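Engineer: Let me begin by handing over the structure; questions about it come next.
The values are calculated or read from the model by the stated rules, or taken from the named source; none is laboratory data. Small disclaimer: the values here were computed from a predicted structure and weren't measured. Here the Cβ positions follow ideal geometry from the backbone for every residue, glycine too, while neighbour counts run over all protein chains shown.
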């Protein structure tokens, strides 16, 4: 008995099902932000000589998006990118111009490529208008056109919300970039606030390098040498902690006036010359240094 009751309940549900047609239409937006409205021909079977938006019925086997693309292409010749649903319009079976109950899904669609409209024989006229101008063009006392006007107003609300959200995202992105710039500027400010102290340490470190580079081999393990090397490493660690790094210059490198100073050119008699664009480093007399990417002292070199 329970099975029979269930079958009866299932049949009753089938009897209560509401078969209806589904149509899909879109507010088509051009690249300049204007929207497209179409006027039906005077001898149209439904709503003749009235303003409408592109779209129509689904065909057998079509998805909603495929049907909407097809309808827009057939009615206007336009290629579009389908956006979100912005409205669901309901037409009960008592509606005079329809034989069946209908639901219509209304979308945003963005025109891709050319905005040249090629009308089908379903429409006699088209207009690209700002949304507010298009709404004024529609007769709010006519149920068909009033529904399209409400669809346009829903599109306007969606676009305003989207633009506000996009603006907020841009503001947040700008603020994040501002914070990054501030962090970099603070880092540079901290680094360069110690520049005077660093400038005084560098000559001392130069003297250490001059001394330790010429220690005889048989004395390198001596206690006094180990002590001096330890002090040298401490000074180098102070520089490293303040983002000071050595500018790498090797013998054989091409002379670069941005990071080097030519103290003596062995092929010329003049001193302190920068006319060395084809010359190469023969010897490094004094190391160069930079804070982050900014040079604070060029390397002094002999070129040949």
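Engineer: Quick check: is even one residue across region 214-232 closer than 30 Å to residue 186 by Cα, in contact with a strand residue (DSSP E or B) (Cβ under 6 Å, 6 or more places away or on another chain) and modelled with pLDDT of 80 or more?
Structural biologist: For region 214-232, residues closer than 30 Å to residue 186 by Cα, in contact with a strand residue (DSSP E or B) (Cβ under 6 Å, 6 or more places away or on another chain) and modelled with pLDDT of 80 or more: absent.
Engineer: If you don't mind, there's one more thing I want to ask. May I ask you to say which residue of 94, 90, 160, 145 is at pLDDT below 95, assigned by TED's automatic domain parsing to the domain that holds residue 37, loosely packed, with under 14 Cβ neighbours inside 10 Å and in a helix (DSSP H, G or I)?
Structural biologist: Details: 94 fails: in a helix (DSSP H, G or I); 90 fails: in a helix (DSSP H, G or I); 145 fails: loosely packed, with under 14 Cβ neighbours inside 10 Å.
Answer to the selection: 160.
Engineer: Now for a separate question. Let me spell it out: the conditions are (1) touching a strand residue (DSSP E or B) at 6+ places or on another chain (Cβ under 7 Å); (2) surrounded by 18 or more Cβ atoms within 10 Å (Cβ to Cβ); (3) modelled with pLDDT of 90 or more, and residue 135 meets all of them except one. Which number is the exception?
Structural biologist: Result: residue 135 fails condition (1) only.
Engineer: Could I ask something else about it? Which fully enclosed strands (runs of 3 or more DSSP E) of region 18-79 have 2 or more residues being over 16 Å from residue 102 (Cα atoms) and over 35 Å from the mean Cα position of the chain (by Cα)? Step through it out loud before you land on a result.
Structural biologist: Details: elements: 21-29, 35-40, 55-57.
Strands (runs of 3 or more DSSP E) meeting the threshold: 35-40.
Engineer: Based on this model, can you work out whether residue 199 counts as in a helix (DSSP H, G or I), touching a residue at least 40 places away in the same chain (Cβ under 8 Å) and loosely packed, with under 15 Cβ neighbours inside 10 Å?
Structural biologist: On the way: in a helix (DSSP H, G or I): yes; touching a residue at least 40 places away in the same chain (Cβ under 8 Å): yes; loosely packed, with under 15 Cβ neighbours inside 10 Å: yes.
It is true that residue 199 is in a helix (DSSP H, G or I), touching a residue at least 40 places away in the same chain (Cβ under 8 Å) and loosely packed, with under 15 Cβ neighbours inside 10 Å.
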